[in-house]
Every structure is written in C-alpha cells, then in structure tokens.
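Asks: Pasting in a structure now, in structure tokens, and then I'll have a few things to ask.
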Amino acid sequence: TVIGLRGTAENPIKIKGDTSVTGKPLFRPVDGRDGILFWGDASEHVIVEGLRFEQAARAGIVVYGSQFITIRDCEMVSNGIWGVQTCLSDHISVESCELASSQKEHGIYFSTTDHPVARNNRIHHNNRCGIHFNGDKAEGGDGMVTGGLVEGNRIYENGRDGGAGINMDGAEDMTIRSNRVERNYAGGIVSFVTDGRESGSRNVFEGNTVLFKSGQGRYGLKITGEPVGTQVTGNTLVCGRGPALEIVRTAVPGLLSDGNKLGVRHASGLIRVDGKSLKLDEWRAMSGQDTRSVMLNINFAL
C-alpha cells in the first residue's frame, strides 16, 4: 500500500524492478490484496516500472485518489478483476504493458479519471473489456472522463462475457488513434452513456483497425447518445456479424466521418442507424458523410 509518496515532474519517484535478474520481479499477493494499492493521502509523480503482477484478488495495480502516476513496462496477468484500475485520479498513464486474462472484468479500467493515457500496450484475453472508461457520476466526480489518449495498443480476444475492446461510458475529448482491435468476441469500439453524466462529445477516432472473425462481434465502431463534434476518419472497420459502423441519428449532427474502409463478413448490414441497416450510398444520402470512404470486398467465408 502506497500512501503520500510524492515526487515531482522533474524528479519522479520510481518503484522499479531489478534489471539485473532474468524476467520481471513478481508480485503474487495473498489474503485478498492488490499488487500495489495507491490509497489514502494522495501520491503524485510516481513511476511503477518493470514488474509482473499475478493472481491479485482485485488488480495488479489500483490507483485511488492520486495523480501523475505512470505504469510502464509491467505485466498484469490472471488477476481477479482488473489488470489496472483507477478511481478519482488524474493524469494516469499505462504504457508498454501487457494486461491479460483478467478473470472477471477488464484489462484497464479508468474510472472517474481525467487525462488518462493508454499507449503501446498489449491487452488480451480479458473476460470483459480491453480498456473501459467510466465517468461514473455516482463516484463523486463530474461524471465524465475527459481528455484521454488511447494510442498504438493491440487489443485482442477480449470480451467473452461482453464489453468492447475499447469501451467509453461518459468519456469526452478523447483521442482514440492507431489501435489494432482484433478478434474480440463482443464489441469493437463504443462511445455511450450508462453510468456517466452524458455521452461523450468531441471524441476523435482516427486510423484504428477493427477486425473480427466471421460470425463474431457486435459492431466495429458504435456511437450513441447526443454527442457533438465526433470525428471518425481513416479507420478500417471489418465485422464478422454486426455492422461496421453503428450510430444513432442524434449523434449525426456535427459528425465528421470520412476516409474510412468499411466491410462486413456477412451478407448485409454495413451501417446501422437507429437499428436500421443501410448500404454505404444510403448512409451518404442520409448523412452527407463518408463521401470518400470505401466498402471493402470481403470474403464471407473468412
């Protein structure tokens, strides 16, 4: 348990694995504990680096009420609920980590956390979401996750019990770019509201690749609620069962969607609006969007 550990931006405190040994030093907590728990008096400007966490009752690392915590080059494998979980904390970064096989829920769970970063991680075989954002107004914050970056992650084979590869409940001003989200069992990427205050506005989805096997998956990218200023550009979305793009009409005003490659490994339903399947030209006529986007010629047998 880490309480009140304070570095500075110029001189952060490091909790670091011994690089002279083979493999990463291992935390395997007992008696229902987490691997590392930031708790109580706030910590800030701390780096956790080069450690492995297994079989924690909840999570490899939990960050509660702290800020400017960086988790880098760590392995979180087969923990009880999450790999990493944060709550009422800001400026938390998870970088170049492996987050795998969380038994109950997610690889990374950013709850009530502004300016979160998930970059260059490998996130796989978690029971629910790869990365889950939750504004969760019941936790006591403003009900939104604001100003995050999800970049360069490989997110695969998550969601046997539901949830998306990247799941955004009440998340706004987010940049989701250059991620590869493949072979997940439920959703690809989704922006919605259940626990948050509202659906997220001004989210940018750029250059992501979402791929499903034939007969698997719900949607490539789904946008619900009444967000404004959403951008969907340069993505490749190929679904095995659901639509490549799923959206509600209330999310169309202010939308910018173009330069995407869209495909499905089934006979119909490239785009779905308010539950109705549309072809690409029908979507263009209705929305004025995706004039330079293309439909991929997908082999249905794949």
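The values are calculated or read from the model by the stated rules, or taken from the named source; none is laboratory data. What you see is a predicted model, and the numbers here were worked out from it, not measured in a lab. Glycine also receives a Cβ, built like all others from the backbone with ideal geometry; neighbour counts cover every protein chain displayed. Heavy atoms of the whole protein, side chains included, go into the accessibility calculation; ligands, DNA and RNA do not. Shrake-Rupley method; radii C 1.70, N 1.55, O 1.52, S 1.80 Å.
Asks: Kindly write out, for the range 119-131 in residue order, the coupling ³J(HN,Hα) from the Karplus curve 6.51 cos²θ - 1.76 cosθ + 1.60 (θ = phi - 60°), rounded to whole Hz, with x marking Gly and Pro.
Replies: Calculated HN-Hα couplings, in order: 9, 6, 9, 10, 10, 8, 6, 7, 5, 10, 7, x, 10 Hz.
Asks: Could you order E182, E139 by accessible surface area, starting with the largest, using a probe radius of 1.4 Å?
Replies: Output order, biggest surface exposure first: E139, E182.
Asks: May I ask you to give the percent of accessible area on the chain that is carbon plus sulfur, with a probe radius of 1.4 Å?
Replies: It is 46 percent, rounded to a whole number.
Asks: Heavy atoms only, probe 1.4 angstrom, no DNA, RNA or ligands counted: give me F27, F212 ranked by accessible area, highest first.
Replies: Correct descending sequence by accessible area is F27, F212.
Asks: Still on this structure: With +1 on each Lys and Arg Cβ and -1 on each Asp and Glu Cβ, how big is the dipole of the range 100-254 about its Cα centre, in debye rounded to the nearest 20?
Replies: Details: 17 positive and 17 negative charges, 147 e Å.
Taking the Cα centre of the range 100-254 as origin, the dipole is about 700 debye.
Asks: Something else now. Could you rank T22, T291 by how accessible they are, 1.4 Å probe, largest area first?
Replies: T22, T291
Asks: Find the lysine pairs in the chain meeting two conditions, Cα atoms under 16 Å apart and a separation of 8 or more places or different chains, and report how many there are.
Replies: 5
Asks: Counting each DSSP H run of 4 or more residues in the chain as -39500 (n - 2.57), what helix-only mean residue ellipticity at 222 nm follows after dividing by all residues, to the nearest 500 deg cm²/dmol? If you can, show how the numbers build up before the last one.
Replies: On the way: 1 runs with 8 residues, N = 302.
Using -39500 (n - 2.57) per qualifying helix, the result is -500 deg cm²/dmol.
Asks: Can you work out ³J(HN,Hα) from phi for every residue in the range 215-231, in order, using Karplus 6.51 cos²θ - 1.76 cosθ + 1.60 and θ = phi - 60°, giving whole Hz and x for Gly and Pro?
Replies: Once θ is set to phi - 60°, the couplings for the range 215-231 become x, 10, x, 9, 7, x, 10, 10, 10, 10, x, 10, x, 10, x, 6, 10 Hz.
Asks: Can you tell me which of D41, D136, D173 moves the most in a GNM of the chain? Springs connect C-alpha atoms under 10 Å apart.
Replies: D41
Asks: Here's a follow-up. With no solvent and one point on each alpha carbon, what is the Debye value of log10 I(q)/I(0) for the range 182-266 at q = 0.26 Å⁻¹?
Replies: -1.23
Asks: Then there's this: Sketch the reach of a paramagnetic label on E206 as a point 7 Å from Cα along Cα-to-Cβ, and name the residues of the range 214-251 whose backbone nitrogen lies under 14 Å away.
Replies: Once the point is set 7 Å along Cα→Cβ of E206, 230-235 turn out to lie under 14 Å by backbone N, inside the range 214-251.
Asks: How high is the FRET efficiency between K16 and N120 when r is their beta carbon distance and R₀ equals 22 Å, given to the nearest 0.05? Could the numbers behind the result be given before it?
Replies: Numbers: r = 19 Å, r/R0 = 0.84.
The pair K16/N120 has a calculated efficiency of 0.75.
Asks: If you don't mind, another one. Just to be sure I understand, if you calculate volume of the Cα convex hull per residue in Å³ for this structure, which of (1) 126; (2) 140; (3) 172 do you get?
Replies: The calculated read-out lines up with (1).
Asks: Now a separate question. Per residue, how much accessible area does the chain have with a 1.4 Å probe, in Å²?
Replies: On a per-residue basis, the chain sits at 41 Å².
Asks: Along the charge dipole of the range 138-197, which of T175, Y185, G141 sits closest to the positive end, that is, farthest toward it, with unit charges on the beta carbon of Lys, Arg, Asp and Glu (+1, +1, -1, -1)?
Replies: Y185
Asks: Treating the beta-carbon of each Lys and Arg as +1 and of each Asp and Glu as -1, no other charges, what is the dipole magnitude of the range 175-284 about its Cα centre, to the nearest 20 debye?
Replies: Approximately 380 debye in magnitude.
Asks: Let me spell out the model: positive unit charges on the Cβ of Lys and Arg, negative unit charges on the Cβ of Asp and Glu, origin at the Cα centre of the chain. What dipole size does that give, in debye rounded to 20? All intermediate terms of the calculation are to be shown ahead of the outcome.
Replies: On the way: 33 positive and 35 negative charges, 232 e Å.
With only Lys, Arg, Asp and Glu charged at Cβ, the dipole is about 1120 debye.
Asks: Within the range 1-78, list the GluC sites (Glu not before Pro) lying in a DSSP loop whose Cβ has at most 12 other Cβ atoms in a 10 Å radius. Present the calculation step by step, with values, prior to reporting the outcome.
Replies: Numbers: sites: E10, E44, E49, E54, E75; in loops: E10.
Answer in residue order: E10.
Asks: Got a sec? Charge dipole of the chain, +1 on Cβ for Lys and Arg, -1 for Asp and Glu; which of C239, S268, N158 is way out at the positive end?
Replies: Going by the charge dipole, the pick is S268.
Asks: Under a Cβ-Cβ cut-off of 15 Å, what is the net charge of the residues other than N297 that fall near it, where Lys and Arg count +1 and Asp and Glu count -1? Walk me through the numbers on the way to the answer.
Replies: Working: positive: K261, R265, K279; negative: none.
Net local charge, N297 excluded: +3.
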